[in-house]
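**Student:** Below is the structure I would like to discuss, written out as structure tokens.
The values are calculated or read from the model by the stated rules, or taken from the named source; none is laboratory data. Predicted, not measured: the structure shown is a model, and the values here were computed from it. Note that each Cβ is placed from the backbone with ideal geometry, even for glycine, and that neighbours are counted across all protein chains shown. Accessible surface is based on the protein model in full, side chains and every heavy atom, while ligands, DNA and RNA are left aside. Shrake-Rupley method; radii C 1.70, N 1.55, O 1.52, S 1.80 Å.
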Amino acid sequence: MTSAEIRQSFLDFFAKQGHTLVPSSSLLPDSPGLLFTNAGMNQFVPIFLGDRAPDVSKWAGVKPAKDTRAADTQKCIRAGGKHNDLEDVGFDTYHHTMFEMLGNWSFGDYFKKESIRWGWELITKVWGIPAKRLFATVYSPDKSKNDPSEFDQEAYDIWAEIFRAAGLDPAVHIVNGNKKDNFWMMGDTGPCGPCSEIHFNLLPSDDEAAGRKLVNASSPRCIEIWNHVFIQFNANADGTFSPLAAKHVDTGMGFERVAGIYATTNGFKDFAKDPSNYAADVFAPLFAKVAALSGKTYTATVPTKREGLTEQENIDVAFRVLADHARCVSCAIADGILPGNEGRNYVIRRILRRGILYGKKLGLQAGFFEQLVAPVVESLGAVFPELVQQQSIVQRVIRSEEESFGRTLDRGLQIFGKAASAGAISGASAFELYDTYGFPLDMTQLLATERGLTVDAAGFEAEMEKQRERGRAAQKKEILVAATEGDAAVDLKPTTFLGYAQTEAHAQLIEIIKADKDTFLVFDRTPFYAEMGGQTGDTGTALINGTLVQIVDCVKDKAGRHLHKAAVSDQLSALSSGAAATLSVDLGRRRAINRHHSAAHLIHWALRKVLGTHVRQAGTSKTADRMRFDFSHFEAVTHAQLLEVEQLVNGKVIDNAKVDTYETEFDKKPEGTLAFFGDKYGKFVRVVDIGGYSRELCGGTHVATTGEIGLIKIVAEMAIAAGTRRIEAVAGQPAYELVATREAALAAVSAHLGGGASDVVKKLEALLAQQKETEKQLKAFQQKALAGLADELAAKAVARDGLKFVSGVVAVSDQEVLRSLGSQVLAKLGEGVVQLGAALGDKASLVAFCSPAAIKAGHQAGKIIQNLSAQIGGKGGGKPDFAMGGGKDIAKLGAVLGG
Ligand code: SER
């Protein structure tokens, strides 16, 4: 079987057992706690938790065989968070950053018996894996550690029966494992349960005792190929486990492992060779490309240590790293996870930079990584069509990353070399490499390990913290928050926010906080929006016991209290807590903010439509005057694209679509709702839905219908960091004012041109054409005048020794004309010497020409100019036939040139 046939045979087998085949979900997970999609079950979490009906037909878009059974191949990345295999990639042959997980699921349908029996049937009967080489692990809690749930007797009994029927001893083939090995969790929280793994003895001999010894012993000669998880619990944030309403099955098979073993064992028959995932044909196009680019050969050696590798071991590690990382980075970018500075985006940047470093070790030319995308698409495009659709975007993103890292890599390596010669890498050096040269810490560690050195990671972290501290100090709001913290007397109940529905409210003054020179008022409830999610805080008034206080800003502290900043005034001293207050938000300003906030959502929607779904919000700010929207994109947005975005959003403004806002549980939000995965969402989230096409999780305030926005104008587009662009736009009144100002300028221009605004372009074009014509004529006249002047000068030539001499001061516009005049005079003289001077601005310029006969007679233009320049306080020189110079004493020109 080829790898593709193995994959297909898995899917066919489960389709036959009534499973609906579904597509792989994106690597960008929907669960807030996950860095990347790390298992096939991620997309089914709401079903496991009972928040959603098992409606797999929705995924498949076809009538399912059964709505309670699903199977697929899922792209997974395990390079951070709870599951992280990055450090092992390349150094062994069976861990990857990105891999395919073949899986089958039961949603409250079949349970352990079917799952295990079908598993056994597929691998031993359909694929022919020798039963004698297989071991099953079963969950056995470690009582002393308070491990969840009981010994999995049910799974044990099923396996015992299976092994016995195969003539094998269950006591040898079943291995118990504790929570670490046999209780599967996707993260710290979420659906989980005891599991039973199938391990494959890959030793040359099928000796059972020897195989059993290697189960879970990190040996490449006995590896786990399939995990059957029996999902029965939800792991809570406090470390406890709650039983779920229904019991589910979640299995996951390492596709590359099975395909690799199949290839190295000649169809599970001959176990002499070292097994390797990289022997699977899915990697073949990548290995071929790396070999072609580097001229080196892969020989499948595996180092036993991390330092002092042989040359060939280094080459083989690099081949594996590049094959793995190219798949990971390509698939991540195709799913909209662009290399960046934070979170999962930084993980992808690190993996890409690690790949670039290994390419350098193989001697590959800068810019090589992009060329690995095509072989990834070649091997995976048929299974994951998004790779084909996004190929050119993936390549462009990688290209721009390679360019920016390429600028600092060599210098960084030099700095590393210098630091390394000190015997250890200090925290400060590691930080400099990170901060100035873009070396992720793990890359510096990798380089250090190769040389048997260590990196002071704690020192690095301390430097990072110092930098964060500097950033924090720059934010005045943090200082303000600190001022209200740690005060035991303060009632830290969050303020009730009424501002979605009303802009005026009665409230009670809870506290008056003085921080520095500022005074902040806290009320039990408020219609004032506190700065959040990039939306600026409200301003307005508070009428407290007859005293009118101006509120000039509103921010939130960590406890969720709205801090109303009061304008400085004597009246503040008259306030006392407990007083009744009437709070009024400046409605006009708030409505202007709403317009910019809704406009930002529309622009986000339009950018994703025009540029692609890799566009994601990276930061934003909305005030009454303008909005800024930062987003992931790898190159400048063209003028045409900006126009299209502006057209799309204004089309939606004219449509006057309704803006719906509602609360829902995170897991029940409508499909396609944009959430910002860096954020931690609670169980309940607020959805802002514009016209059914733009849906975002958002806590801000918005217009009621898009028509209220009036008009949106994009003011600027710019880069703010590698891979991050910014759009600035105005909406409503400021948009009108922008247009009005531009129109006034246009009116002024057309008035000067003597016509209406509609034909200003035509008039301007005509005017420019006319100017060009005039310049042409002017030049012709100048040339004529110059020729006349040359004649005049030549006529005044003095003859001596068979040569003619001209010397004089002329009035010309620039040096070029002076030079041209000199050469024309000489041409008219035939044989002779010409020396001319002119006042140009506040300086005097000189030029001299000597004909061949004059040079023969001992005259030299260079010498003449040298001499003349010196006399007018300057310098100059040149060749015997032509020279230029000048000086500052314009007044002496006449005397020097005898004119
Ligand atoms: N979720 C389990 C795993 O990832 C089985 O699919 O191992």
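**Student:** Could you list all residues from the range 149-170 that are surrounded by fewer than 20 Cβ atoms within 10 Å (Cβ to Cβ), farther than 16 Å from Gly211 by Cβ and in contact with a strand residue (DSSP E or B) (Cβ under 9 Å, 6 or more places away or on another chain)?
**Tutor:** Of everything in the range 149-170, those that are surrounded by fewer than 20 Cβ atoms within 10 Å (Cβ to Cβ), farther than 16 Å from Gly211 by Cβ and in contact with a strand residue (DSSP E or B) (Cβ under 9 Å, 6 or more places away or on another chain) turn out to be Ser149, Glu150, Phe151, Gln153, Glu154, Tyr156, Ala160.
**Student:** Please go through the range 170-212 and give me each residue that is under 12 Å from Ala131 (Cβ atoms) and acidic (Asp, Glu), ordered by number.
**Tutor:** Asp206, Glu208, listed by residue number.
**Student:** So Gly754 clears everything in (1) modelled with pLDDT under 90; (2) at negative phi except one condition, right? Which one?
**Tutor:** So the condition that Gly754 fails would be (2).
**Student:** Among residues belonging to the range 251-280 that are among the hydrophobic types (A, V, I, L, M, F, W, C) and not in a helix (DSSP H, G or I), point out the one that is nearest to the ligand (Cβ to nearest atom).
**Tutor:** Taking the range 251-280 as the starting set, the residues that turn out to be among the hydrophobic types (A, V, I, L, M, F, W, C) are 253, 255, 258-259, 261, 263, 268, 271-272, 279-280.
Next, only the ones that are not in a helix (DSSP H, G or I) stay: 253, 268, 271-272, 280.
On the way: Met253: 8, Phe268: 22, Phe271: 25, Ala272: 29, Ala280: 19 Å.
Per the criteria, the residue is Met253.
**Student:** Identify the residue in the range 372-396 that is in contact with a Gly (Cβ under 7 Å, 6 or more places away or on another chain) and in contact (Cβ under 8 Å) with a residue 12 or more places away in the chain and, among all such residues, is farthest from Phe634 (Cα to Cα). Let's see the steps before the verdict.
**Tutor:** Quick first cut of the range 372-396, residues in contact with a Gly (Cβ under 7 Å, 6 or more places away or on another chain) only: 387-388, 393.
From what's left, in contact (Cβ under 8 Å) with a residue 12 or more places away in the chain: 387, 393.
Values: Leu387: 17, Ile393: 9 Å.
In this case the residue turns out to be Leu387.
**Student:** Additional query: Mind checking which residues of the range 365-408 are more than 18 Å from Val347 (Cα to Cα) and among the aliphatic types (A, V, I, L, M)?
**Tutor:** Listed by number, the residues that qualify are Ala366, Leu372, Val373, Ala374, Val376, Val377, Leu380, Ala382, Val383, Leu387, Val388, Ile393.
**Student:** Is there a residue in the range 663-685 that is open to solvent by less than 20 Å² (accessible area, probe 1.4 Å), within 13 Å of Ala599 (Cα to Cα), part of a strand (DSSP E or B) and aliphatic (A, V, I, L, M)?
**Tutor:** Within the range 663-685, none of the residues are open to solvent by less than 20 Å² (accessible area, probe 1.4 Å), within 13 Å of Ala599 (Cα to Cα), part of a strand (DSSP E or B) and aliphatic (A, V, I, L, M).
**Student:** What number of residues within the range 740-794 satisfy the criterion of being open to solvent by less than 60 Å² (accessible area, probe 1.4 Å) and either of a type in the set (Asp, Glu) or in contact with a Leu (Cβ under 7 Å, 6 or more places away or on another chain) (or both)?
**Tutor:** Final tally of qualifying residues: 8.
**Student:** Sticking with this structure for a sec: Can we say Ala428 is open to solvent by 50 Å² or more (accessible area, probe 1.4 Å), among the aliphatic types (A, V, I, L, M) and outside any helix (DSSP H, G or I)?
**Tutor:** Against the criterion (open to solvent by 50 Å² or more (accessible area, probe 1.4 Å), among the aliphatic types (A, V, I, L, M) and outside any helix (DSSP H, G or I)), Ala428 does not qualify.
**Student:** Still on this structure, I have one more. Return a yes/no flag: does the range 591-599 have any residue that is of a type outside the set (A, V, I, L, M, F, W, C) and either assigned to a loop (DSSP other than H, G, I, E, B) or within 23 Å of Pro494 (Cα to Cα) (or both). Before you say what the answer is, go through the steps one by one.
**Tutor:** Narrowing the range 591-599 to residues of a type outside the set (A, V, I, L, M, F, W, C): 591, 594-598.
This time we only want the ones that are either assigned to a loop (DSSP other than H, G, I, E, B) or within 23 Å of Pro494 (Cα to Cα) (or both), so: none.
Scanning the range 591-599 turns up no residue that is of a type outside the set (A, V, I, L, M, F, W, C) and either assigned to a loop (DSSP other than H, G, I, E, B) or within 23 Å of Pro494 (Cα to Cα) (or both).
**Student:** Considering only the range 30-41, state which residues are in a loop (DSSP other than H, G, I, E, B) and within 14 Å of the ligand (Cβ to nearest atom).
**Tutor:** Selection gives Ser31, Leu34, Phe36, Thr37, Asn38, Ala39.
**Student:** For Glu708, only one of the following conditions fails: (1) under 23 Å from Gly537 (Cβ atoms); (2) open to solvent by less than 40 Å² (accessible area, probe 1.4 Å). What is its number?
**Tutor:** Every listed condition holds for Glu708 apart from (2).
**Student:** Mind listing just one residue for me: the one in the range 103-115 that is part of a loop (DSSP other than H, G, I, E, B) and open to solvent by less than 20 Å² (accessible area, probe 1.4 Å) and, of those, nearest to the ligand (Cβ to nearest atom)?
**Tutor:** Phe107
**Student:** Would you point out which residue out of Leu548, Leu572 is more than 24 Å from Ser621 (Cα to Cα) and in contact (Cβ under 8 Å) with a residue 24 or more places away in the chain?
**Tutor:** Checking each option against the conditions leaves just Leu572.
**Student:** Okay, moving on. Which one of Gly128, Gly90, Gly81, Gly119 is open to solvent by 10 Å² or more (accessible area, probe 1.4 Å) and either touching a helix residue (DSSP H, G or I) at 6+ places or on another chain (Cβ under 6 Å) or within 15 Å of the ligand (Cβ to nearest atom) (or both)?
**Tutor:** The unique qualifying residue is Gly81.
**Student:** Moving to a separate point now. Just give me the residues in the range 1-29 being within 16 Å of the ligand (Cβ to nearest atom) and assigned to a loop (DSSP other than H, G, I, E, B), in sequence order.
**Tutor:** Listed by number, the residues that qualify are His19, Val22, Ser24, Ser25, Leu27, Pro29.
**Student:** Go through the range 798-820 and report how many residues are more than 60 Å from the chain's Cα centre (by Cα) and open to solvent by 30 Å² or more (accessible area, probe 1.4 Å).
**Tutor:** Here the count works out to 10.
**Student:** Same structure, new question: Enumerate the pairs (first residue in the range 854-876 and open to solvent by 60 Å² or more (accessible area, probe 1.4 Å); second residue anywhere and in a helix (DSSP H, G or I)) with beta-carbon separation below 6 Å, excluding pairs fewer than 6 apart on the same chain, so at least 6 apart or on different chains.
**Tutor:** Gln871/Val896; Lys875/Ser869
**Student:** Test Val847 against the criterion of being open to solvent by 10 Å² or more (accessible area, probe 1.4 Å) and of a type outside the set (Lys, Arg), and give yes or no. Walk me through how you get there before you give the answer.
**Tutor:** Working: open to solvent by 10 Å² or more (accessible area, probe 1.4 Å): no; of a type outside the set (Lys, Arg): yes.
When the stated conditions are applied, Val847 does not pass them.
**Student:** Another one. Might you let me know whether the range 47-64 holds any residue that is within 12 Å of the ligand (Cβ to nearest atom) and touching a strand residue (DSSP E or B) at 6+ places or on another chain (Cβ under 8 Å)?
**Tutor:** Checked against the condition, which is being within 12 Å of the ligand (Cβ to nearest atom) and touching a strand residue (DSSP E or B) at 6+ places or on another chain (Cβ under 8 Å), the range 47-64 yields at least one hit.
**Student:** Does Asp207 fit the bill of being within 12 Å of the ligand (Cβ to nearest atom) and open to solvent by 10 Å² or more (accessible area, probe 1.4 Å)?
**Tutor:** No.
**Student:** So which of Asn234, Asn227 is modelled with pLDDT under 95, surrounded by 15 or more Cβ atoms within 10 Å (Cβ to Cβ) and of a type in the set (S, T, N, Q)?
**Tutor:** The unique qualifying residue is Asn234.
Each row is one residue, and each column tells you yes or no for (1) open to solvent by 40 Å² or more (accessible area, probe 1.4 Å); (2) without any contact (Cβ under 8 Å) to a residue 24 or more places away in the chain.
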residue	(1), (2)
Thr2	yes, no
Arg7	no, no
Phe10	no, no
Lys16	yes, yes
Pro29	no, no
Ile47	no, no
Ala53	yes, yes
Asp67	yes, no
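**Student:** In addition: I'm told Asn314 meets every condition in (1) assigned to a helix (DSSP H, G or I); (2) under 24 Å from Glu5 (Cα atoms) except one. Can you identify the failing condition by its number?
**Tutor:** If we test Asn314 against (1) assigned to a helix (DSSP H, G or I); (2) under 24 Å from Glu5 (Cα atoms), just (2) comes out false.
**Student:** What number of residues within the range 523-571 are part of a strand (DSSP E or B), of a type outside the set (S, T, N, Q) and closer than 30 Å to Asp630 by Cα? Can you show your working first?
**Tutor:** First, the residues of the range 523-571 that are part of a strand (DSSP E or B): 523, 525-526, 532, 535, 540-544, 547-556, 562-566.
Imposing the further condition that a residue be of a type outside the set (S, T, N, Q) reduces the set to 523, 525, 532, 540, 542-544, 548-549, 551-556, 562-566.
From what is left, the residues that are closer than 30 Å to Asp630 by Cα are 532, 540, 551-556, 562-565.
Of the residues in that region, 12 qualify.
**Student:** Tell me, yes or no, whether the range 186-202 has at least one residue that is open to solvent by 10 Å² or more (accessible area, probe 1.4 Å) and within 10 Å of the ligand (Cβ to nearest atom).
**Tutor:** yes
**Student:** Check Ile398 against each of (1) in a helix (DSSP H, G or I); (2) under 26 Å from Ala332 (Cα atoms); (3) modelled with pLDDT of 90 or more; (4) open to solvent by 20 Å² or more (accessible area, probe 1.4 Å) and name the one condition it does not meet.
**Tutor:** (4)
**Student:** Any residue that is modelled with pLDDT of 90 or more, touching a helix residue (DSSP H, G or I) at 6+ places or on another chain (Cβ under 8 Å) and either open to solvent by 60 Å² or more (accessible area, probe 1.4 Å) or not in a helix (DSSP H, G or I) (or both) - is there at least one of those in the range 573-581?
**Tutor:** The answer is no; no qualifying residue exists.
**Student:** Shifting gears a bit: State all residues of the range 217-246 that are within 19 Å of Pro148 (Cβ to Cβ), away from the ligand (no atom under 13 Å from the Cβ) and among the polar types (S, T, N, Q); if no residue qualifies, say none.
**Tutor:** Gln232, Asn234, Asn236, Thr240, Ser242 - these are the residues of the range 217-246 that are within 19 Å of Pro148 (Cβ to Cβ), away from the ligand (no atom under 13 Å from the Cβ) and among the polar types (S, T, N, Q).
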